[in-house]
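Chemist: The structure follows.
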Amino acid sequence: MFATPFNDRDGYIWIDGQIKPWRDATDHVLSQGLHYGGSVFEGIRSYEGNIFRLHEHTMRLKKSAELLNFKISQSVEEIKDVCKEMLFLNGITDGYIRPIAWRGSERMDLSMEGCTVHCAVACWEWPPYFDTQSGIKLFVSRWRRPGEDFIPLQSKTAASYCMGTLAKTEADNAGYDDAVMLDPDGYVAESSASNIFIVVNGVLKTPKSESCLNGITRQTILQLAKDMGLKAEEDNITPEDLLSADEVFVTGTAAEVTAVIQVDNKKYKYGQITKQLQQAYVALTSDALVLNQAA
Ligand code: PMP
C-alpha cells in the first residue's frame with residue numbers, strides 16, 4: 001500500500017526538542033515503549049493547512065500518557081506549535097500528523113520509576129484510509145476489545161493496538177477491509193481503528209463510550225447529527241442490531257466518515273443519513289466552512 005517505507009523518507013521529524021532529518025529520528029531498541037507497550041500517540045489530519053481539532057487531540061495525548069502513569073513534559077501549547085511547525089517544514093497542507101510519547105531505556109523491569117519520557121512529532125501526506133466513495137466491508141472478529149478493567153480504554157496507547165492489528169489481519173485474510181470488534185459482554189465496540197455508527201428507522205446509534213475509544217470524530221458526528229435535528233443515541237448495540245440496521249458507517253481521523261456496505265454476509269445500502277453526515281463532516285473540515293464560521 002505504501003510505496004516508501006516509513007523509516008526511509010525525506011523530510012524532518014521533531015524528537016525530544018530537536019528537528020532531525022527523517023532517517024535519523026531513531027531510539028534505542030531497549031525501551032519500555034517498544035517492550036511493554038509504554039507509548040501513547042495521536043493521529044491528526046490537516047485539511048488545506050487547517051489542523052482539525054488540534055487542541056482536542058493534543059489534550060488527549062497528554063491524558064493518554066497520564067492514564068498510563070507517565071507525564072509528557074511538553075505543554076499542550078508546545079506540542080501544538082511543534083505540529084504546526086512540522087507541517088510547515090515538511091511542506092504539507094493536506095496530511096496526517098503523528099505525535100507520539102514513550103517511556104525510555106533506563107530500566108527493563110516493569111517498573112517505570114526513573115524512566116525518561118520521550119516525545120516526537122512526524123507528519124506525512126496520507127490519502128483517505130478507506131475508499132470513502134464506495135464504502136467498505138467489515139468482518140466480525142473473534143478478537144475483542146478489552147474492558148476498562150484490562151487497560152484504560154480512553155488512553156490511545158500502542159498497547160491497545162495489538163488487539164486492533166490482530167483483528168485487522170484477520171479481516172484482511174478473510175478478504176474484508178476491516179473488523180468489527182465486540183466488547184467483553186459481546187456488544188459491538190468499534191473497528192480496529194475507528195468508531196461504528198448504525199442507523200435504525202432514521203435514528204443514529206453508536207456504542208457507549210465505555211466500550212470504545214471516545215473518538216474525536218465520533219463526538220463531532222454526534223454534534224453534527226444534533227445540529228441536523230437527527231435523533232442520536234449512545235447505547236449497547238448487539239451484533240444482531242448491527243446486522244439488521246438500515247445503514248452502517250465508521251468514523252475516525254484516518255477513516256473520516258466511511259460507509260459500510262457489508263458486515264459478514266449482510267449487505268447494506270449506502271444510505272442517505274450516512275451521505276448527509278459525510279457531507280457535513282467534509283464541509284466542517286474544509287477550509288471554506290472554517291472561513292465561513294470565522295466570518
Ligand atoms: N477507535 C479506535 C480504536 C481508534 O484507533 C480510533 C482512531 N484514533 C478511533 C476509534 C477514532 O478516533 P478519532 O476519531 O479520535 O480519530
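The values are calculated or read from the model by the stated rules, or taken from the named source; none is laboratory data. These numbers come from a predicted model, not from an experiment. Neighbour counts are summed over all protein chains in view; Cβ atoms, including those assigned to glycine, are modelled from backbone coordinates with ideal geometry. Accessible surface areas use protein heavy atoms only, side chains included; no ligands, DNA or RNA. Shrake-Rupley method; radii C 1.70, N 1.55, O 1.52, S 1.80 Å.
Chemist: At residue 9 and residue 233, where each label point lies 7 Å from the Cα along Cα→Cβ, what is the point-to-point distance in nanometres?
Modeler: Inter-label distance under the simple model: 4.3 nm.
Chemist: Continuing with the same structure: Would you work out the relative contact order for region 136-286, in percent, from Cα pairs under 8 angstrom that are 6 or more residues apart? All intermediate terms of the calculation are to be shown ahead of the outcome.
Modeler: On the way: 291 pairs, mean separation 35.9, N = 151.
So the answer I get is 24 percent.
Chemist: Students sometimes get this wrong: rank 35, 28, 57 by accessible area, probe 1.4 Å, all chains present, largest first. Walk me through the intermediate numbers first.
Modeler: On the way: 35 85, 28 110, 57 0 Å².
Putting 35, 28, 57 in descending order of accessible area: 28, 35, 57.
Chemist: Pairs of Cα atoms under 8 Å, at least six residues apart: use those to get the relative contact order of region 19-131, whole percent. Intermediate results must be reported in sequence, preceding the final value.
Modeler: Values: 169 pairs, mean separation 35.7, N = 113.
Value for region 19-131: 32 percent.
Chemist: Place a point 7 Å from Cα of residue 76 in the direction of its Cβ. Which residues in region 35-60 have their backbone N less than 14 Å from it?
Modeler: In region 35-60, the label zone of residue 76 (backbone N under 14 Å from the point 7 Å along Cα→Cβ) covers 53-60.
Chemist: Among DSSP beta bridges lying fully in the chain, give the percent that are antiparallel, nearest 5.
Modeler: On the way: 41 of 50 bridges.
So the antiparallel bridges amount to about 80 percent of the total.
Chemist: Turning to a different aspect of this structure: Once ligands and nucleic acids are excluded and a 1.4 Å probe is used, how much of residue 187 is accessible, expressed in Å² to the nearest 10?
Modeler: Its accessible surface works out to 70 Å², give or take rounding.
Chemist: Calculate the spin-label point distance for residue 106 paired with residue 223, positioning each point 7 Å from the Cα along the beta-carbon direction, and give it in nanometres.
Modeler: It is 3.8 nm.
Chemist: Top to bottom by accessible area (1.4 Å), largest first, where do 93, 116 land?
Modeler: Numbers: 93 75, 116 55 Å².
Accessible-area ranking of 93, 116, largest first: 93, 116.
Chemist: Rounded to the nearest 5, what % of DSSP beta bridges with both residues in region 136-286 are antiparallel? Walk me through the intermediate numbers first.
Modeler: Numbers: 18 of 27 bridges.
That works out to approximately 65 percent antiparallel.
Chemist: How large is the accessible surface per residue of the chain, computed with a 1.4 Å probe and reported in Å² as a whole number?
Modeler: Values: 14090 Å² over 295 residues.
Averaged over the residues of the chain, the accessible area is 48 Å².
Chemist: Below 13 Å, Cα to Cα, which aspartates and glutamates can residue 63 reach? Residues fewer than 8 away in the same chain don't count.
Modeler: 42
Chemist: List the relative contact order of the chain as a percent without decimals, with contacts defined as Cα pairs under 8 Å and 6+ residues apart.
Modeler: Reported relative contact order: 17 percent.
Chemist: Once ligands and nucleic acids are excluded and a 1.4 Å probe is used, how much of residue 60 is accessible, expressed in Å² to the nearest 10?
Modeler: Accessible area, nearest 10 Å²: 40 Å².
Chemist: May I ask you to rank 89, 277 by accessible area, largest first, using a 1.4 Å probe over the protein chains only?
Modeler: On the way: 89 70, 277 0 Å².
Putting 89, 277 in descending order of accessible area: 89, 277.
Chemist: Based on the mean of other beta carbon atoms within 10 Å per residue, what is the order of 190-201, 70-81, 39-50, 117-128, most packed first? It would help to have the intermediate numbers written out before the result.
Modeler: Working: 190-201: 22.9, 70-81: 15.8, 39-50: 20.2, 117-128: 18.4.
Listed from highest to lowest mean packing, they are 190-201, 39-50, 117-128, 70-81.
Chemist: Calculate the length of the line joining the C-alpha centroid of region 74-123 to that of region 9-52, in whole Å.
Modeler: 5
Chemist: Taking R0 as 41 Å, what's the FRET efficiency between residue 210 and residue 23 from their Cβ-Cβ distance, rounded to 0.05?
Modeler: Once the sixth-power term is evaluated, E becomes 0.45.
Chemist: Now for a separate question. Can you list the residues, at least 5 places off or on another chain, whose amide H is less than 5 Å from the amide H of residue 12, using H built in the peptide plane?
Modeler: Here the answer is 22, since their amide H atoms fall under 5 Å of that of residue 12.
Chemist: Can you pull the accessible area of residue 59 for me, 1.4 Å probe, Å² to the nearest 10?
Modeler: Taking all protein chains as shown, residue 59 has close to 100 Å².
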